[in-house]
1. Rounded to two decimals, what is the ratio between the C-alpha radius of gyration of the range 650-754 and 2.2 N^0.38 Å?
2. Shape of the range 763-920 from its Cα gyration tensor (a ≥ b ≥ c, root eigenvalues): rounded if a/c is under 1.5, otherwise prolate when a/b > b/c, or oblate?
3. Which three extents, in whole angstrom, do the alpha-carbon atoms of the range 711-794 cover along their principal axes, largest first?
4. Give the relative contact order (percent, whole number) for the range 650-754; include only Cα pairs under 8 Å separated by 6+ residues.
5. Quick one: check the C-alpha center-to-center distance for the range 262-293 versus the range 365-388, whole angstrom.
6. Quick one: 3J(HN,Hα) in Hz for the range 487-498, Karplus 6.51/-1.76/1.60 with θ = phi - 60°, rounded, Gly and Pro as x.
7. For Cα pairs less than 8 Å apart in space and 6+ apart in sequence, what is the mean separation divided by the residue count of the range 542-639, i.e. the relative contact order in percent?
8. Two decimals, Cα atoms only, Kirkwood Rh: what is Rg/Rh over the range 47-189?
Amino acid sequence: MKSCLPFFLYTLLFIFSGQLVAQETVKHYLSGKGKDDGVLWDFKVSDGMKAGQWTKIAVPSNWELQGFGKYNYGFNKEADKGKEIGSYKHRFVVHRAWKDKQINLVFEGVMTDADVKLNGKSVGAFHQGAFYTFSYDISKLIQWGKENLLEVEVAKHSANKSVNAAEREGDFWVFGGIFRPVFLEVLPKNHIERLSIDAKADGALQMIVQSAGSADQVSLQLYDARGKAFGKLIQASLKDNKALIASKFDQPALWSAEYPHLYRAEVILLAKGKEVHRVNQKIGFRSIEVRQRDGVYINGQKIKFKGVNRHSFHPESGRTTSKAISIHDVELIKEMNMNAVRMAHYPPDTHFLEVCDSLGLYVMNELGGWHGYYDTPTGTKLLKEMIKVSENNPAVIFWANGNEGGHNPELDTTFFAEDIQKRPLIYPWAVYGGFETTHYREYNYGIGTYDHGHNIVMPTEFLHGMFDGGHGAGIEDYWKAMWANPLSAGGFLWDFQDQGIVRTDKDGVIDTDGNRGADGIVGPHYEREGSFYTIKEVWSPIFFEKREMTKGFNGEFTIENRYAFTNTANCTFSYALHRLNSGNTAGDVKTGIIASPDIKPYAKGILKADLPNDWYNYDILYITAKDVYDKELFTWSFPIALPERAAKEWLKTAGAKVEANETAEAFIVESNGIQYQFNKLSGLLEEVKNKQGVIPFANGPVLQEAVNNYKQFSMRHNGDTVVIESTFDKKESYNKLQWTIYPSGQLKMHVQYFPESYFTRFVGVNFDLPEEQMVGVEYMGMGPYRVWKNRMKGNRFGIWDKAYNDAATGEVPFEYPEFKGYHANMYWAKFKLKSQSFRVFTDREDVFLRLYTPKEQQDTDWKNMEPTFPKGDISFMNGISAIGTKTQKPETTGPMGMKHVYYDFEKEPIRALHLQLYFDFSGE
């Protein structure tokens, strides 16, 4: 943290600054610029932690995170709400060299009511509203060359009920304090007060300049990213301190989320031919058009928004962030192949919008509101403050008037009157302006509305994440429907980041206020959940049609270019062939470049991979696509070797003679030092032991969501093997179990079975394997993240080594990937126990490995999510369950969320499900 600078340093700084850039605006910070460089001010809080003590606090900050006041969530009851008052004092010096300037005192954000005094005198009306930049002209109150005392009294909850309804009673954490930077804005007496610029895709540009003082002329010159002048110098006269410039520029490089081309507009104010003030403003040429009953067009191209909601948030600093955080967040959002972000539920830091401008992200900027809204006088003032600081950001393409009923329709005209660009106005969770934005609607929802209506469908919140549901679970179905629906403009997931706050009053525990604090795609410190990668694949702008790897494969993949402005010729593609069973040692990998095809946006074409002649001898083909900035879009997996090939490498049959015996209750078989005991009545494996002792794997295979009616077991020799099997009966024992013990000691299990009902959550077999014995699992299949029936994408085929953990998704310790749960496309798995290890492999495709039942997240409401698992510990399955969201049951997230449908009334063996596994208990 910074402390106050000595007087002589201020003097030198102010003289130097004034001489260097006399005609430009000077910003001198009285605070830090973000969470990591706060300046210490004197501080006292009225209630809660450290109440009544004058001490120091970093500015900017939320005082709770600095160990002051009370924590409270917006939903807390009245008695629990922190309504403390924070008193700030700060001393600074302004040198006489600036005496002929206008000095504005600027606050970028104060929570929530701010009463400001300088040298004991009020600087102006107190400000209400937490997320807005406001300022005061303090030129006449400054003591030049002397120490000035700044005093700010901050009320965490507003005296204005409408402000509390809009900001303080929402579904998010409520903090207090001067949480965004404070600075002195030093301006010439004659200066530009406001620039409003509208630069269209056709090169047409309009600019309104509002000035103060007695200047008479203004000029505009644009510069490109290389600093080269673009177009001619344009001049206009001021009348009543206002000028309008209208011009046309030839073939500007357009701004979009894919190509965020920016220009620097240099605007110079002149008085009698002399430059008096200069402002540089970054702008982008782009057009936004809403075509009713059609869609949203950017630069003439129809756009599907792949968006997410984002709070201004950091677990150690609350709403106080930094430009580094903004850069990180935008890069992470874009890494998921998103192109849009909605501000939830208030305007963000100015640097976040600047980063969206420069890196390319469409923004919906939102006036505060959450089921409650600002009264019209207050809302009008705050709306003007919001527009003034963000009107020239090309990234901002929508305004939102509050959230979920927090709309004040009396403010609509102000949006359009204040915005030179006349951006579209959205009412989140409402039908307004030709948009249907209702939140958390079920798949295929509506009767004459939503998916079956006539408005542009763009949910501003959907697939509400919680635990492991939502976000990625369901998105494949939703996106398939959104992509196919001409009236769909995409949507915005809820939400980006876990709102887990580090509690300074609870030994640093991360608190999400139960399940209220938004459960994001990433954790509070950006820990990546499995949904992160699902979204990355589903929203990749390069889409691969399903393709099987057969000997006749000619190297051609059908792909679809889902970019709006980028030709695939500008992307790069590469392949990698791997042999996985050999451990990826030298010589087991071949890589190459794939020629980029010429496929226009929204068109399909062929990606032709010229693979080496021996490609079919490898296990897996990976295809990686990168964008024009060399960022990975995704790496797709195409298994070449089927489980049958992998199983042949592990299967060993030769060995000593198999010895078989039976008692009244059991079949006992011994082979190559391994002894098996099977229940004579049920056929289940009761015990297995090798030379090292008993392996705690038993009591299976128990059928799940099927009738365990294996009956009439017999044991026989079949050549050099021993076979134990049940007898098929169409009525009494239509599910059949067969064991085969090889001379090598390996064991084969074959189960033929029928699900119990027409609709079933999952199907497969279970075994017991005590969790306390588990150290980890190494397996070949899709990984490393677990899957659900409605969240299958995002993983990569390979060999994964997972150490045991008992992590609950969205909860401390935010450890990913989680160990427990369903894992897809298992070829083999090595179970590492405290005592020894054993291996299971299969020669059948599409086998799921289930590892225990995941730990439930505390305070989670499971009534919609329904994360269902079989009984027992370890399962091998033909079908797994889906998961719902915080607001939706699994089946309402689309076809993949439905239960499995299986019908075979006749119980004919040929139509049964089959599961075949091999077990190697040798411990090698």
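Bear in mind these aren't lab numbers, they're just calculated from the coordinates by the rules spelled out. Small disclaimer: the values here were computed from a predicted structure and weren't measured. Here the Cβ is made from the backbone with ideal geometry for all residues, glycine too, and neighbour counts use every protein chain on show.
1. On the way: Rg = 13.6 Å, N = 105, 2.2 N^0.38 = 12.9 Å.
Working it through for the range 650-754, the quotient is 1.05.
2. Details: a/c = 1.72, a/b = 1.01, b/c = 1.70.
Oblate shape, in that a/c is at least 1.5 and b/c is the bigger or equal ratio.
3. Result, largest extent first: 45, 38, 25 Å.
4. Numbers: 236 pairs, mean separation 26.1, N = 105.
It rounds to 25 percent for the range 650-754.
5. Cα centres, the range 262-293 to the range 365-388: 25 Å.
6. Computed from phi, the couplings for the range 487-498 are 8, 8, 10, x, x, 10, 5, 10, 7, 6, 9, 4 Hz.
7. Details: 200 pairs, mean separation 31.6, N = 98.
In percent, rounded to a whole number, it is 32.
8. Details: Rg = 16.2 Å, Rh = 16.0 Å.
Rounded to two decimals, Rg over Rh is 1.01.
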